[in-house]
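Down below is the structure, laid out as structure tokens.
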Amino acid sequence: MRIELSPSVWWYALSRSELWRSIIRHGVTDSSRNRSLAIFQNFFLHMHPVKVRRKALEVRHTYYLGGISLALTAILAASGILLMFYYHPSVPEAYMDMKELQFTVDIGTFLRNMHRWSAHAMVLVVFLHMLRVFYHGAFRPPRQFNWVLGVVLLTLTLLLSYTGYLLPWDQLAYWAVTVGTNMVRATPVLGERIRFLLLGGNIVGANALIRFYVLHCVALPLLLVLIAALHIWRVRKDGGVKGPLAEDEETLEVYR
Amino acid sequence: MTNRLRVVFATSSVVFLVVLAAAPLKNALREYHGYQREYRRLAAERAPSARLARAVASRPDRIEQIWNPGFGNRVDRCVTCHQGVSEPTLAGAPAPFGFHSETAHTPVDLDQFGCVFCHGGQGLATTAAEAHGLTRHWPTPLLPSVYLEASCGRCHRGAQASEAPRLSKGRQLMERYACYSCHLARGYEAYTAEAPSLSATPLKLRASWVRAWLKDPKALNANARMPRFRIEPGETDALINYLFSRPPAVELASRIEAAATEPPGDAAKGEVLFRESRCISCHTVEGKGNDSAPELSLVGSKASRAWLLAFVRDPSAFNPRTPMPAFDFTPEEARDIAAYLSEELRDFSEPAQQESPFQPNQRLAEEGRKVFLKYGCFGCHPMEGMSGQEKIGPELSALADKKVSSLDFGRRSDLPKTLAAWVGAKVTEPSSFAPGLKMPTFSLQTEEVTSVVTALLSLSGEGVPDEYQPISASPNRVTAVPAGDVGRLFDRYRCLSCHIVGASGGDISTAPLTFEGSKVTRDWLESYLLTPYTIRGILPERMPFFRMNAGDAKRIADYIADVFLDDSIPSDAFGGRPPAQEEVAAGERTYTRLGCNSCHILGQAGGYYGPPLSDAGDRLKSGWIAYWLENPQRWREDVRCPNYGLSREQIVELTAFVSTRHKIAADPAAGSQ
Amino acid sequence: MSDNGSIEKALELQGDGEAGDGSSVDRRTFLTRIGIGACAAACGGAGAVALDFIHPKVLFEPSPSFVAGRRSLFPEGTVFFEREKKVYIIADSRGVYAMSAVCTHLGCITRFRSESRVIACPCHGSVFNMEGDVMGGPAPRSLPWLEVRLNEREELVVDTSVIIPAGTVFKA
Amino acid sequence: MKDESLDIVESADPMSVPKRVALVRPDLSLAVPRRREEQVTTFPHLIVREVILLQWVVILIALASLFWDAPLEGIADPLETPNPAKAPWYFLGLQELLHYFPPVVAGVLIPTLVVIALIIIPYARVNRAPVALWSWGSKRVTIGLLSLTIVVVPLLSLFHCWVVLVPTLACEALIGLSRPLPHPGRLRAWLGLRTLPQWIMTWFVIVACLLTIIGTFFRGPGWSLVWPWEISL
């Protein structure tokens, strides 16, 4: 019988196997219960509510900017981890590794490009996300704290981008970081000390490179993931995504 | 509604798949794969056996590299595309697959040196454009092949670099034109130019001549070493006033003034003396002679007779560093020479009347001092009170490491933005970069410019590890210039102006003195010093006739015979026994068979290219003859005498024949010729 | 049991029952399959490419194989110790073979004793014969034999990364 | 829609969210208008959209990566400063400010103030409810605008910072142009509905973008003004 050989038969058999069911405990048939379970029982999806407002799915509602920044974070994590396989945070190997990526490593240039362009896009998208939230008034109670988390995430994004900027150890990186850290120096009282701690010395050198590397690859990403998780969780807890202001929303005197 | 979403999802997934697949596809199409495929085809075609052809054809595509952790961790991937560099079967194959021509270091040392150290470019790269370094942000692009010898000079720092004629010539030119007088360079910190002292100017020169000379030295003397400065006319006046306002040194003034009172000599006799003394070995007169010393064709219009006479008597009194030897002329002979120089070697189109002495203006002279300092004249011409002046040009020591971004191209927007082009233009026409630049114009020939640029591009601060340092000259030879009494004699006769001793000395003579004691007999040397004669008529430079006194000749000959020895050259080729008659006869047959007489004179016949051998037995030591025959190119690669690859017996036989040729027909073998 | 429906069915969303003709069901399934299939292929491909990415294409380490020299350099009865590569190249009446010089006990470098024709370890006294078999001492295993082959220039090449069964002598 | 009968109190207590309490005056109707929104299950409606979104982000970034290579200049050289030395683009606005103001102001004070301002947005009293500027009464607004102008113009002129001054005055002009409701002109009415925080944020975004664009595209050697096409030379 031909039917027995069709993929759906295989799929059917697989999805009924004990192994499959020990991992994924529910099916996704056309029932609300199952669809709810799909969200409830999935570690990665359970930050979502089971049901969302149909309006919230519309592009104009959020422009998906938060989702885009999350997708960019995923690209950055994936490409960043792969790039770490070839990167030595030392002088002058760091620069030579860029050349290795370019010339000998398969798709090395592509991955570096992905990482770089995503990082730029990330800064832009996170900023736009903030603007969107602001103009939609989505920082208002009860979402005040999530706005603060968002500001922290924006700062972290900038710091991640900035610490990553030094890692290729080329002229662009070196002087951008030199200029940037000299701005910190202007802080009264603490400026010199902060700069000294950040660079691990008084000049942008080997110590600065390893510090920026650790910040870029370990410390800041951990913090980012933690706070981003909190941020996304709060979106749900604060009543889901907030779209544009209703026509009458801002003129209601009663809000006073 | 949801059907639309489903279509979007399906399309999006397909685009997702396609775009993600593009990256590895782009990677798989990298250009080196194409080169490697083409190379395998070529190499298989030319492989000497079917087995090797199969082996090369089945080679996988991969990035090849030469990695030298001990040499600055260099990685050169040039061989990824240039795969045939060490494969002799690919000699003459089209680029980039060809075999690297054989040099001292290639292809034998390829694994130690890689490619980029000599050729430049970006060794890490695996694409043609990036590898050749012609892209932005790569500081060292491929070195143009005309300047390739610059790379030899980064390790071979001596004035003479073997197998690098252009580099050697460039370095000689830089010394000749006194680049190091204005520019500091590593290894040349103690350099001083050989320019004449200006301390006796009022007694020596005429102001009109100085004016013409300052305008363009090459117009007065095609061999002038002094470059053309762009001195403003007002500045020229001031400079002349300054030079003529300086009182001559008392010692020199008394010599010149004494000479002025002497009666004039006989110009005709002087001319004979001039020829006998072989002055044209160094000086040029009317197009003949060597250009290693000032041209004398118009010297009579330049210098006063009294100065010429005083100078010829004792050149080193005027300039302690002059390469000009002191000749032992009698007072009359010196007067004759001076008469010849000032009466015959002058510009006859000029009026012969005496120019009235120049009256310097003190205010202008003060201005002139500033001009003298401004153009750095003190760099070449020693001047009292200016010995501590800083060199006025920028240091050249790490010129080759300069980044293009740090070069000032000024008005020269026509130049390609490379270091080589910039240096080339600086050497050719320094004034073209910006108005007011002080560097003078040297008016070099194109080939000379190329040589100088090559030498300049070899001035790199980048060191090489010890194991890459070239082996210095053989330690069993003399390297030191003699000192003491003999040293004074060497200085008096300026032997080192023409002869090389160890690493110093001039290369005018083809006979280095380093191992002269192993080469010639003491007795011959002494007689030669007393009465030098032409050994090789084909060479324009001859040993000058110094009229040396017997004592000096004996001491120099003794010293050379005892000290200037090379221990690897045996003194006697026959181990103390006299050569056997059969050996002499066999040697004669070999001499005839090899056609030695096409270059050497023996008896009445023979060619003029090589030195005559009629008196070889008197002149040369037999050990030297044998040593020479083993490998004539041993000490200089441009020696024309062919290396016949003679066997030990043949060498001994030929040596037996040559070393028994004597001028004095005491030996019966000599008479048979 | 009804929980375990297919994901395709699940994606037949509520509220679009109006597409009631029979072919539309097929189209839906088809589109879903295309979507999931392409997505899965892209993810699988990305995984494969990532795996290839972490596989280095050039190495900055000594090559495991080395050229020992022409066959004539190893006349019968000689034992040649390649110190840098820690390999013995032994020629006997059968041919040539290569053997690791690293003691199988604790990794010391063994030495060939020409007077007794044994290989002895200086650290803990293991002794091996010329076949690499343990003759005494604490060594647990015999010395591994390494691959010997000829290259394009007919030179012997020893590959220290390939272990071959003892007794596989190279004849050429 | 304006309902006099209601006084809705926004609760700041996080535990009570997202509820709203309506206090109904006894003399009015109990009818409270309530919005009912249609809901759909997250799976598959949202999840599929999220997957598509992820795919398109990857597609766009991958396409960019295929065609444009990330910059890589020569190896870092502490002895050779490129002219101009520029920070990453998102800090170029700050670097541009450094050109006008002393480092303490541009490098420390302004960024710190920006971050603090962003953080206090949801907590500031003025911002608790969306109140349009013109509901304050035109006199207060006019006085505010005038006093702002009096402070800002000499201060920014002192530092020759026209880049900030011009957009500031433009924003003020727009506020002055706007009119309280009801007003027949649609644009002016729309402008009249903007709240004070919105005006501040808009002004900040305009200034930040302007400074970043100038720093990125119009600054050449020695931080001199150049045209964008002269920069890459």
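Bear in mind that the values in this text are calculations on the coordinates, not laboratory data. If you're wondering where the values come from, they're calculated on a predicted model, not measured in any experiment. Glycine also receives a Cβ, built like all others from the backbone with ideal geometry; neighbour counts cover every protein chain displayed.
Tabulated data for the structure shown
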{"item": "Structure-based [θ]222 nm, chain A - -39500 (n - 2.57) summed over DSSP H runs of at least 4, per residue, nearest 500", "result": "-20000 deg cm²/dmol"}
{"item": "Links that overshoot a 27 Å alpha carbon limit, given the list A:LYS55/A:LYS237; B:LYS370/B:LYS403; B:LYS204/B:LYS426", "result": "B:LYS370/B:LYS403; B:LYS204/B:LYS426"}
{"item": "Coil-residue trypsin sites (Lys or Arg not before Pro) of segment A:11-59, DSSP, other Cβ within 10 Å capped at 15", "result": "A:ARG25"}
{"item": "For segment B:357-362, Karplus couplings with θ = phi - 60° (6.51, -1.76, 1.60), whole Hz, Gly/Pro x", "result": "x, 6, 9, x, 9, 5"}
{"item": "R0 of 25 Å, Cβ-Cβ distance A:TYR12-A:GLN41: FRET efficiency to nearest 0.05", "result": "0.75"}
{"item": "Mean projected area (nm²) of the alpha-carbon convex hull when segment B:581-672 is viewed from all directions", "result": "5.6 nm²"}
{"item": "Cα centroid of segment B:188-243 to Cα centroid of segment D:134-164, whole Å", "result": "73 Å"}
{"item": "DSSP loop GluC sites (Glu not before Pro) with at most 16 other Cβ within 10 Å: longest gap in chain A", "result": "A:59-246"}
{"item": "Residues with amide H under 5 Å from that of B:ALA125, placed H, sequence gap 5 or more", "result": "B:ARG77"}
{"item": "Most fluctuating residue given options A:VAL218, A:VAL133, A:VAL123, as computed from a GNM of chain A linking Cα atoms under 10 Å", "result": "A:VAL218"}
{"item": "Shape category assigned to segment D:89-230 from the gyration tensor of Cα positions, a/c cut at 1.5", "result": "prolate"}
{"item": "Long-range amide H partners of C:GLU147 with built H, under 5 Å", "result": "C:ASP159, C:VAL162, C:ILE164"}
{"item": "Global form of the protein assembly as shown, assessed from the alpha-carbon gyration tensor, a/c cut-off 1.5", "result": "oblate"}
{"item": "Exposed-loop-free span, longest in chain B, where GluC sites (Glu not before Pro) count as exposed if DSSP calls them loop and at most 12 other C-beta atoms lie within 10 Å", "result": "B:463-636"}
{"item": "Chain B shape via C-alpha gyration tensor axes, a/c threshold 1.5", "result": "oblate"}
{"item": "Separation of alpha-carbon centers, segment B:258-326 and segment B:1-43, rounded to whole Å", "result": "83 Å"}
{"item": "Note, ³J(HN,Hα) from phi for segment B:190-202, Karplus 6.51, -1.76, 1.60, rounded to Hz, x at Gly and Pro", "result": "8, 5, 10, 6, 9, 5, x, 6, 9, 6, 10, 3, x"}
{"item": "Simple Cβ-charge dipole of the protein assembly as shown, Lys/Arg +1 and Asp/Glu -1, about Cα centre, in debye nearest 20", "result": "5500 debye"}
{"item": "Placed amide H near D:THR195: partners under 5 Å, 5+ positions off or other chain", "result": "D:LEU133"}
{"item": "Cα Rg over Rh - chain A, Kirkwood", "result": "1.08"}
{"item": "Alpha carbon centroid spacing (whole Å) that separates segment C:52-128 from segment A:39-85", "result": "57 Å"}
{"item": "Ratio Rg/Rh, restricted to segment A:126-253 and using Cα atoms, in which Rh is the Kirkwood radius", "result": "1.12"}
{"item": "Chain B - mean residue ellipticity at 222 nm from DSSP helices (-39,500 (n - 2.57) per run, n ≥ 4, rounded to 500)", "result": "-11500 deg cm²/dmol"}
{"item": "Among A:VAL177, A:VAL235, A:VAL50, residue whose mean-square fluctuation peaks in a GNM of chain A (springs only between Cα atoms under 10 Å)", "result": "A:VAL50"}
{"item": "Extended-chain gain in nm, criterion 0.36 nm per residue less alpha-carbon gap, B:ASP485 and B:SER162", "result": "112.9 nm"}
{"item": "Loop chymotrypsin sites (Phe, Trp or Tyr not before Pro), segment D:71-136 (other Cβ atoms within 10 Å of the site Cβ: 15 or fewer; DSSP)", "result": "D:TYR123"}
{"item": "Selection of trypsin sites (Lys or Arg not before Pro), segment B:250-321, meeting DSSP coil and at most 16 other Cβ within 10 Å", "result": "B:ARG321"}
